[in-house]
Each structure stands twice: as structure tokens, then as C-alpha cells.
Amino acid sequence: MSAPDILIIGAGIVGAACAAECARGGLRVLVLDRGPIGGGTTAAGMGHIVVMDDSEPQFALTHCSRTLWHELRPQLPPDVEFDGCGTLWVAADAEEMSEVHRKHRFYNDRGVRAEALDSAGLKAAEPNLRPGLAGGLLVPDDAVIYPPSAAAFLLHQAIAAGAELRTDVEVRGLLPEGAARLADGSQISAGRIVNAAGPWSPSLTPGLPVRQRKGHLVITDRYPGFVRHQLIELGYLKSAHAVASDSVAFNIQPRQTGQMLIGSSRQFDADGTEVNQPILDRMLSRAIEYLPGIGKLSALRTWTGHRAATPDKLPLIGPSVVSDRLWLATGHEGLGITTSLGTGRLLADLLLGRATTIPAAPYAPARFAKGAPSHD
Ligand SMILES: Cc1cc2nc3c(=O)[nH]c(=O)nc-3n(C[C@H](O)[C@H](O)[C@H](O)COP(=O)(O)OP(=O)(O)OC[C@H]3O[C@@H](n4cnc5c(N)ncnc54)[C@H](O)[C@@H]3O)c2cc1C
């Protein structure tokens with residue numbers, strides 16, 4: 001390919017979704033990754049497709065993205081394992097029940113289906129939860145996918161629309177005039193370069209307000225039906241918002257194989273990939289508090305991954321402040337599987353000068369140009 005219109009660094013799910021949208025929009029796209037497709041955070045994540053309500057922009061991006069996943073669903077191959085199991089937010093006590101009602105109103109006001117369950121309704125929906133929980137909120141249109149296969153599918157869509165993918169190519173630096181310097185010393189020029197390198201994006205765009213936030217996951221052996229929905233304690237929100245300390249929360253996902261993925265932890269300043277036993281113990285104890293029977297089941301594997309966290313919990317999508325030739329699609333923290341499709345659509349809308357599906361300003365990297373919110 002002669003100089004592409006768009007050079008995307010990163011073949012994770014975000015780079016893949018951007019490539020698919022840009023190629024479909026008629027742009028000549030080249031994607032580079034130093035590893036395989038979806039081998040970064042995309043391989044480490046849980047694959048929960050979820051509408052969130054921390055802020056209006058977070059809602060807009062997650063909702064738009066979930067809609068795009070549902071539109072794509074008929075085309076998804078079986079290995080993407082799309083499962084419309086829904087989310088069940090679990091309330092332990094009256095205080096968390098008031099959060100159920102607040103969340104319920106928020107979703108209802110914005111046309112998102114949700115159903116508040118009392119204690120008996122929760123028990124009927126998930127018999128293995130411990131007795132005495134206060135209730136929950138069922139969001140039936142949330143779903144689960146297998147992220148590496150979804151990234152591969154999106155890249156194959158991009159390739160079918162004319163894009164090119166090169167793996168095992170390491171990028172060492174990005175030049176403001178619109179060129180990437182490769183590890184072999186060569187350079188590739190492009191109309192625009194998109195840094196979609198996830199938690200490694202700051203190494204290519206120095207000064208980017210993205211920090212790595214480590215997470216642990218465990219996968220069990222096969223126990224079909226042990227849980228039926230993605231279950232998350234409402235205390236999860238406190239955990240996701242806690243920036244000053246390590247946190248864990250009960251978050252479990254049924255897989256089509258009958259296995260369960262158990263999460264989740266969050267740690268800043270924990271760079272390595274090694275498993276931290278005390279964090280793992282806390283995470284599993286939390287799961288056992290909610291699902292006492294799970295302590296008797298077998299776990300097969302434990303691993304870690306790093307989320308790309310921004311100070312305001314929104315991704316960076318659009319031109320960087322360095323140069324309008326260098327764009328960003330990064331900083332998706334724990335929602336990049338969900339929001340990959342909305343990110344790809346928004347990025348392509350901006351690059352092609354189309355009206356955007358959702359307002360672009362909340363995700364614009366320029367918001368950090370001065371007076372930037374900090375991580376603390
Ligand atoms: C424990 C955990 C659970 C999660 N659960 C969920 C969930 O349930 N739902 C959800 O929506 N999200 C979840 N996430 C978040 C989600 O996994 C990420 O937001 C998403 O995978 C980010 O995708 P990405 O394409 O931006 O980054 P990545 O998948 O990390 O892709 C970046 C790519 O860039 C490449 N790269 C980096 N540097 C270079 C370079 N210099 N040269 C060439 N290539 C380079 C890497 O090899 C990599 O393939 C979770 C994350 C974790 C850690």
C-alpha cells in the first residue's frame with residue numbers, strides 16, 4: 001500500500017473497531033501491531049457489554065456502543081460467543097437498594113430496559129447467591145462476548161473493506177508530521193496516525209494522561225447454569241472509583257462453555273503481569289461472600305491485565321494536542337470491549353467530517369490541554 005490515509009497502531013479491539021469503520025468509510029487503512037490480533041488488554045478482559053451511568057458522556061458512549069453490538073450480532077461468528085445474558089447488579093443492603101432505584105430511574109428515563117428485583121426476585125433469578133441479599137437491578141439487554149475473537153472479526157471486516165494488517169511490527173515513535181518510526185529503523189507516513197496502543201499508548205505519545213490500572217481474573221472449570229447473568233455487586237462502583245487504594249469487587253460472568261470468569265481487582269502502580277496473591281485472595285473471598293458454593297468449585301487459570309485509565313474515566317478519541325496528524329483512540333479503562341464500536345464510529349465520523357452519532361467533545365483529547373484533571 002502507498003502511504004495510507006490512516007495508520008492505526010494497535011490491533012486490540014479498539015484499533016480493530018477503528019479500522020473497520022474507517023475502511024468501510026472508504027479510507028485506506030493500515031494497522032500495525034507488535035504482537036498478534038487482540039493479544040494485549042483485549043485478551044485479558046472480561047468481555048462484558050454493559051451500559052453504564054457514571055456520567056452522561058459515559059452513558060452516551062456505552063449505550064451507543066451496546067446498540068452497535070446488537071446491530072452487529074447477526075453477523076458475529078460463533079467464536080465471538082455473543083451471549084445476551086444481561087447484567088444483574090446485586091444490592092446487599094438497603095443503602096445499595098436505594099442505588100438500585102436511582103439507577104433504575106436513570107435507565108428508564110433514557111429508554112434502557114431495566115427491572116428492579118426484590119430479595120425473592122433476586123433469589124429466583126440467581127439461586128446460588130447467598131440468602132438475605134436485598135435485591136438487584138436486571139439490565140436484560142447487556143451481553144457478554146469473547147473479546148479476542150471479536151477483535152479478529154472486526155479486523156477481518158476491515159481487511160474485506162480494503163485495509164491491510166501487519167503484525168510483529170513494533171512502532172518506536174510517532175512524528176508530528178504524520179509518520180511512524182519502526183523498530184527496524186524504517187518509517188511509514190500516513191495522512192493521520194491513530195495511537196490505539198491501549199495501556200502502552202503513553203510510550204508513543206509522551207505526556208498522555210493515561211495510567212495503567214492492573215486487574216486480576218480467574219476462570220473456573222465448567223459448571224453450566226451456576227450463574228445465569230453477569231453478576232456485579234453495587235459496591236463495584238465504589239471499587240471502580242477508588243483511585244487512592246487497591247480495590248476488589250464481586251463481578252462474575254457466565255461463559256458459553258459453562259465456565260465462569262471471576263473478577264475483579266483494580267490497582268495503580270502495579271506494573272508487572274505477576275499475580276498478587278493477597279489481591280487474588282481478597283477477590284475470591286468477595287466472590288465467596290456472594291456465592292458461597294463457588295468456594296467448592298475448581299479454578300483453572302489466573303491472569304492479569306492492565307486497563308488504560310484516564311483521570312476523568314472517559315477515553316481519549318480524536319486529534320491529539322501534539323499535532324492534528326496524530327490522533328488518539330485510547331484510555332478506555334474497564335469498558336473498552338463495550339465501547340470499541342462506539343469509539344470506531346466516532347473516530348471515523350470525525351475523520352470523514354460526518355455528523356457524529358454522539359457529541360464528540362467529552363472524549364476530545366484537548367480537554368486535557370490545560371487545567372487538566374489529575375488522577376488523584
Ligand atoms: C481484568 C480486566 C477486565 C476487563 N473487563 C472488561 C469488560 O468486562 N468489559 C469491557 O468493556 N472492558 C473490559 N476491560 C477493558 C478492556 O479489556 C480494554 O479497555 C480493551 O481491551 C482495550 O482495548 P485496546 O484495543 O485499547 O487495547 P489493547 O487490547 O491493549 O491493544 C493495544 C495493542 O497495541 C499494541 N501495541 C502497543 N504498543 C505497541 C507498539 N509500540 N508497536 C506496535 N504495537 C503496539 C499491543 O500489542 C496491543 O495489541 C477489562 C480489562 C481488564 C484488565
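Throughout, read-outs are computed from the coordinates displayed, never taken from laboratory work. From a predicted model like this one, the values you see are computed outputs, not experimental measurements. A quick note on method: Cβ atoms are made from the backbone with ideal geometry, for glycine too, and the neighbour counts reach across all protein chains shown.
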**Request:** Using amide H atoms built 1.01 Å from N in the peptide plane, name the residues 5+ places from Ala3, or on other chains, whose amide H lies under 5 Å from its own.
**Result:** none
**Request:** Note the angle between two axes, namely the Cα long axis of helix 336-352 and the longest principal axis of the Cα atoms of the chain, as a number of degrees from 0 to 90, rounded to the nearest 10.
**Result:** 30
**Item:** Proximal aspartates and glutamates relative to Lys103, as straight alpha-carbon distance under 16 Å, when same-chain residues fewer than 8 apart are discounted
**Value:** Asp53, Asp54, Glu56, Asp93, Glu95, Glu115, Asp118, Asp141, Asp142, Glu233
**Prompt:** So how much slack lies between His101 and Asp269, counting 0.36 nm per residue of separation and subtracting their Cα-Cα distance, in nm?
**Reply:** 57.0 nm
**Message:** If I fit a long axis through the Cα atoms of helix 147-160 and take the longest principal axis of the Cα atoms of the chain, what angle between them do I get, 0 to 90°, rounded to 10?
**Reply:** 30
**Prompt:** So what does log10 I(q)/I(0) come out to for the range 97-143 at q = 0.16 Å⁻¹, using the Debye formula with one equal point on every Cα and no solvent?
**Reply:** -0.43
**Complete:** Each label sits 7 Å from Cα toward the beta-carbon; between Asp281 and Ser323 the label points are separated, in nm, by 5.1
**Message:** Calculate log10 I(q)/I(0) of the range 13-60 for q = 0.31 Å⁻¹, where I(q) comes from the Debye formula with a single equal point scatterer on each Cα and nothing for solvent.
**Reply:** -1.06
**Prompt:** So which of Lys123/Lys214; Lys214/Lys296; Lys123/Lys296; Lys214/Lys313 end up more than 22 Å apart by C-alpha?
**Reply:** Lys123/Lys214; Lys214/Lys296
**Fill in**
One finds, for Ala355 and Glu177 with R0 = 41 angstrom and r their Cβ-Cβ distance, a FRET efficiency to the nearest 0.05 of 0.90
**Message:** How large is the Rg to Rh ratio of the range 11-137 when both quantities use alpha carbon positions and Rh follows Kirkwood?
**Reply:** 1.06
**Prompt:** In whole Å, what three semi-axes, largest first, describe the equivalent ellipsoid of the chain built from its Cα gyration tensor (square root of 5 times each eigenvalue)?
**Reply:** 35, 21, 20
**Message:** Applying a 10 Å radius around every beta-carbon, put 136-144, 78-86 in order of their mean neighbour count, most first.
**Reply:** 136-144, 78-86
**Rg(Cα) / (2.2 N^0.38 Å) computed for the range 108-185, rounded to two decimals** = 2.04
**Fill in**
The extension gain from Ala369 to Thr167, computed as 0.36 nm times the residue separation minus the Cα-Cα distance, is 69.5 nm
